[in-house]
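I have placed the structure first, in the form of C-alpha cells, so that the comments after it can refer back to it.
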Amino acid sequence: MPETREGVANFSIAPEDQARADFYALLARLYALAPDAALLSSIAACGELTADAESEGGRALADAWRKLIAASTAMDPAAAADEYQTLFVGVGKSEVSAHGSAYAKSPGSSPLIEVRSTLARLGLARQSGVNIYEDHLAAVCETMRVLITGAGEGEPFAFAQQREFFEAHVKPWVFDCCIAIQNSPVAHYYRRVAEFTQLFMAIERDSFAIE
C-alpha cells in the first residue's frame, strides 16, 4: 500500500469524491485480506445505493451492491477465509491472480515496474511491512483512494493525475481480473465482490472519459 505525501493541512473533498474513495478503500481491504466478522457485519449493515433512474450503470451498481450486502449477511468468516486462501493464494499457485502483471503485458517493461515508476513520480511508495506488490488489485485501489483524498496528509491529487493513474495502471487489466474471478468455480462470496468491482470500475472509466 502506498505511503501518503507529507503535509500539514487537511482538505475537504466533495461528497461524491469521498464516496469514490470509500469504495476504493473497501475494495482495497477486500482484495488485501479475507473479510473478517467485523467487516462482513459492517457491509451487511450498509444502506442501499440510490441510483439515478436514467443511469443504467448506476442501477446495475446499486443492484450489485445489494447482492454484496446480502452475501455479506450470509457469509461465514471462516468460509470467507478459506475461499480467499484458495482463490488468491493457493498452494503453489492461486486459482486467480490479483496482480496486473498477470493480465497486462508491456513489451520491454512490466506493469509492476511501470506502477512503481508512477508512484515515485507522485511521491508515493509502498509502506514498510506491506507484502502486497504495487500492481496488486488491493494496492492500486488503495493508491486511487490516496489520490482522491490525499489521505488526510495533504491536498488531494489533481483529477488529471487520478485519471492518468487509472488509465495506465487500473483500466488495462482490472476488468479481465474481475471476469477471471467471476468465472472461477471457487468464487462464491468473491463473485459478488468482483461483480461490484467491475461495475464500479466501469463507472470510473466512463467518468474519466467524459471529464
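Expressed as a whole percentage, what fraction of the accessible surface of the chain belongs to carbon and sulfur atoms when a 1.4 Å probe is rolled over the protein heavy atoms?
After summing per-atom areas, the C and S share lands at 52 percent.
Rounded to whole Hz and in sequence order, give me ³J(HN,Hα) for segment 91-97 from the Karplus expression 6.51 cos²θ - 1.76 cosθ + 1.60, θ = phi - 60°, writing x for Gly and Pro.
10, x, 8, 7, 5, 9, 8
Using only Cα atoms, figure out Rg for the chain and give it as a multiple of 2.2 N^0.38 Å.
Ratio of Cα Rg to 2.2 N^0.38 Å: 1.00.
Considering only protein heavy atoms, what per residue accessible area in square angstrom results for the chain with a 1.4 angstrom probe?
With all protein chains present, the chain gives 49 Å² per residue.
Which residue, Tyr190, Tyr133, Tyr84, tops the fluctuation ranking in a GNM of the chain built on C-alpha contacts under 10 Å?
In the Gaussian network model the winner is Tyr133.
For segment 12-56, how big is Rg over Rh, using alpha carbon atoms and the Kirkwood form of Rh?
Radius of gyration relative to Kirkwood radius: 1.04.
So who's got an amide H within less than 5 Å of the one on Arg126, skipping anything under 5 residues away but keeping other chains? H placed 1.01 Å off N, in plane.
Glu3
Skipping prolines and chain starts, which residues have an amide H placed within reach, meaning under 5 Å, of the one on His136, given they are 5 or more residues away or on another chain?
Hits under the 5 Å cutoff: Gly100.
Got a sec to turn the phi values of segment 205-210 into Karplus ³J(HN,Hα) couplings, 6.51 cos²θ - 1.76 cosθ + 1.60 with θ = phi - 60°, whole Hz, x for Gly and Pro?
Result, ordered by residue: 4, 5, 5, 5, 5, 7 Hz.
The values are calculated or read from the model by the stated rules, or taken from the named source; none is laboratory data. This is a predicted model, so every value here is computed, not measured. The accessibility values were calculated without ligands, DNA or RNA, using every heavy atom of the protein model including side chains. Shrake-Rupley method; radii C 1.70, N 1.55, O 1.52, S 1.80 Å.
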